[in-house]
Amino acid sequence: MLTTELRELFNQMTIEEKVGQTIQLSADFFSEETEDITGPMNEMAMTEEKKFQVGSVLGVTGAEKTIKLQKEYMEKHRLSIPLLFMADIIHGDHTIFPIPLGLGATWDPELIKETASISAKEASAQGLHITFSPMVDLVRDPRWGRVLESTGEDKTLNKHYARAFVEGYQGTDLKEDLTKLAACVKHFAGYGAPRGGRDYNSVDLNENTFREHYLPAYQEGIEAGAKLVMTAFNTIDNIPATGNKRLMREILRKEMKFNGVLISDWGAIGELVPHGVAQDNKQAAELALEAGVDIEMMSAAYSEHLVELVKADKNLETLLDETVMNILVLKEELGLFDNPYRGADTETEKTAIFSSENKAVALKAAEKSLVLLENKKALPLNQSEKVVLTGPMKDSHDLLGAWSWKGDKTKTPTLKEAMDHHLGKNTVKVIDETEIFNGAQSFLIAELQEADTVLVALGETSEMSGEATSRTNIQLPKIQIELLKELRKLNKKVVAVLFNGRPLDLSEVTPLVDGLVEAWFPGSKGAEAIVNLLYGVINPSGRLSMTFPRSVGQIPIFYNQDNTGRPSEQGGPADKYLSKYLDSENTPLYPFGYGLSYTTFEYTNLRLSKTEVTSADSIEASVTVRNTGLSEGIETVQLYIRDKVGEVVRPVKELHDFKQIRLKAGESRIVNFTISEDQLRYTHADHTVKSDAGEFLLGIGADSTIELTHSFNLIN
Ligand code: BGC
């Protein structure tokens, strides 16, 4: 809504000042350390005068800096229009939570909301207004390094998380609550599906799949109130998203009803030129404005050409006016015209950042993100057993992950430090893995021989996942597999802890270990969380939100695949002409929804309240879950449904709902789900979303491999 005051302000703006609002500069333009900023100034077609007309800044944080800069800006800007401060606060600001793929494994949207709320609290005290999060891109290809930033492969789960992030960052009243940030849903759209898993590559999705699986999480983020959307680097229908008028105007603005600010990704308007859809920056600026991109991040198309373009074309001037209004409205919604410094406060900053309450949530989030992949009676460890710790990550501070620029590694305990803290200093013997290869030293052999368990910390370094880190080989480095082979020879229990940002191919690892813990990059309190899991202080409860393949050759592999005309289950191993591989099973190594606990859960009495449902009523599905083991544990009860016959081919199963429950040893509980017609809708051939009458199969269980044993009918 444009208020009268905003309208008045707008009416006073020159075209140059309007164009200024559409430009975003990075922190290096304002760095006091950099005396000479001629390089970036030239690249961005900036002059000293233009610099003080831009609408937003990327990556400047710290209350003192943001207050000083805002003050200077307001003084130098003819109309005193405040700046927007934006940055990537992705999985924590100073208090770092697990990477989003780890948060995805918590199956706990409320907890994610809490982490986002803490991020907002820390970042807003430093003067930030907007975070470039959440990334809600659906992912099916672990070769792509940015799966680290996604919450996984499933639209239903991603929708819950998208909403949780947005609500956590923004709260209920962005204007009044100065501890909140505006959220930016990214990267619109389909960035999670680059061909071959190669970052920035083109995307080739048919429109039915795009709408049915990829759009829902963006939509949910928008419905949750996200104030911004970021364009993607990739193509959709062979047109780069950033210059794709149909995608942005028809789908995003009209269909999905987004009315906030659309910002380009870094340099993405300029990239329309190398993409080959614009001959130069001028045409790129025109295409992006026509598509409705409001802010240009870090390329010079708008800053160099928009004034000239708009002066020559009335239609473009109207588009520029819309864009500027979107930006002014956002500034107004953040309350910047009344209070340009917003939450920035040097005193609040001191107490808000990395507080013990924030760290407690980081610990909880890390504990819930850990996924126990294997346990052949190896875990939990006994307090008194002799443990030898080895492996390249044994004493590493590199536990924060790729998007943790404000996180302090030196304040992040290593696994060794956390073990020392838990057991007492030097109780755990640490052996350098290189010594194990040298094997000759008898004192080492003796130490290893005395050990009950060898704990080995393995994985990828944080530079191996994140942006621009695609890999064709997603196994552990060869040397780490060799290390496991050496350790296996000792006839000891071997427990591996993995630090990594993507599902790995663990087919060689699994047979070599007795216990396997997927720890991701677990954040500021990650090592403590791992030790709590290893020693049974907590009972593991993480469940994968992305499939782990048997080999890179299976990729893309995801649980909700479409059925084929020749399903492999139809025949035996000797039947050749079925949809399968000659040299691999179709199934993954670890499926979506999977994770072990130290206790066991039994599912019985699956019941449906009736076997027919209409659009006017609903079915109750219930199941009894019993903790049949010896310790209290958390179980994520998952409901999957298959639509047996559709107008277009339907997935073999889809997650529809889930509930997380905590049960004491021996305790049982009836878990209920409600199924109504709106949950059974899908994208038809003409792209309408509706349901079809007919039969559905349903199953409730512990992961996506469960059989769908119960049938019901939707009657129109
Ligand atoms: C990334 C975005 C990020 C932006 C700003 C880009 O390279 O793709 O996700 O928000 O940089 O740092």
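See the values below:
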read-out: Relative contact order (%) - criterion: Cα under 8 Å, at least six apart; region: segment 480-623; value: 20 percent
read-out: Sparsely packed chymotrypsin sites (Phe, Trp or Tyr not before Pro) within segment 487-578, loop by DSSP, other Cβ within 10 Å at most 15; value: 577
read-out: Dipole in debye (nearest 20) - segment 422-580, about Cα centre, beta carbon charges: Lys, Arg +1; Asp, Glu -1; value: 340 debye
read-out: Student exercise, the chain dipole from Lys, Arg, Asp, Glu Cβ charges, in Debye to nearest 20; value: 1680 debye
read-out: Ascending count of other beta-carbon atoms within 10 Å, so fewest first, for 371, 648; value: 648, 371
read-out: For segment 26-151, size of Cβ-based charge dipole, Lys and Arg +1, Asp and Glu -1, in debye; value: 360 debye
read-out: Charge-dipole axis of the chain as Lys and Arg at +1 and Asp and Glu at -1 on Cβ define it, positive-most pick from 445, 503, 547; value: 445
read-out: By average C-beta atoms within 10 angstrom, highest first, the peptides 59-67, 350-358, 501-509, 89-97; value: 89-97, 501-509, 59-67, 350-358
read-out: Sequence of 44, 419, 256 once ranked by neighbouring C-beta atoms within 10 Å, starting from the fewest; value: 256, 44, 419
read-out: Segment 328-421: relative contact order as a whole-number percent, Cα under 8 Å and 6+ apart; value: 16 percent
read-out: Normalised contact order of segment 248-401, rounded percent, pairs of Cα under 8 Å and 6 or more residues apart; value: 17 percent
read-out: Span-like helix ranges in the chain, DSSP H, alpha carbon extent 27 angstrom or more, Kyte mean at least -1.0; value: 314-333
read-out: Stretch gain in nm, segment residue 315-residue 468, where the contour uses 0.36 nm per residue and the Cα spacing is subtracted; value: 51.3 nm
read-out: Among 596, 714, 328 - extreme Cα towards positive end, dipole of the chain, charges at beta-carbon; value: 596
read-out: Loop-located trypsin sites (Lys or Arg not before Pro) in segment 577-629, at most 12 other Cβ atoms within 10 Å (DSSP); value: 610
read-out: DSSP-assigned coil residues among GluC sites (Glu not before Pro) in segment 112-159, each with at most 10 further Cβ atoms within 10 Å; value: none
read-out: Cβ-based charge dipole, the chain, positive-most Cα from 307, 240, 424; value: 424
read-out: Likely footprinting exposure, 80, 568, 404, fewest C-beta neighbours within 10 Å first; value: 80, 568, 404
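Only the coordinates and a few stated rules stand behind these numbers; no lab work does. Keep in mind that what you see is a predicted model, and the values were worked out from it rather than measured. Neighbour counts run over all protein chains shown; Cβ positions are idealised from the backbone, glycine included.
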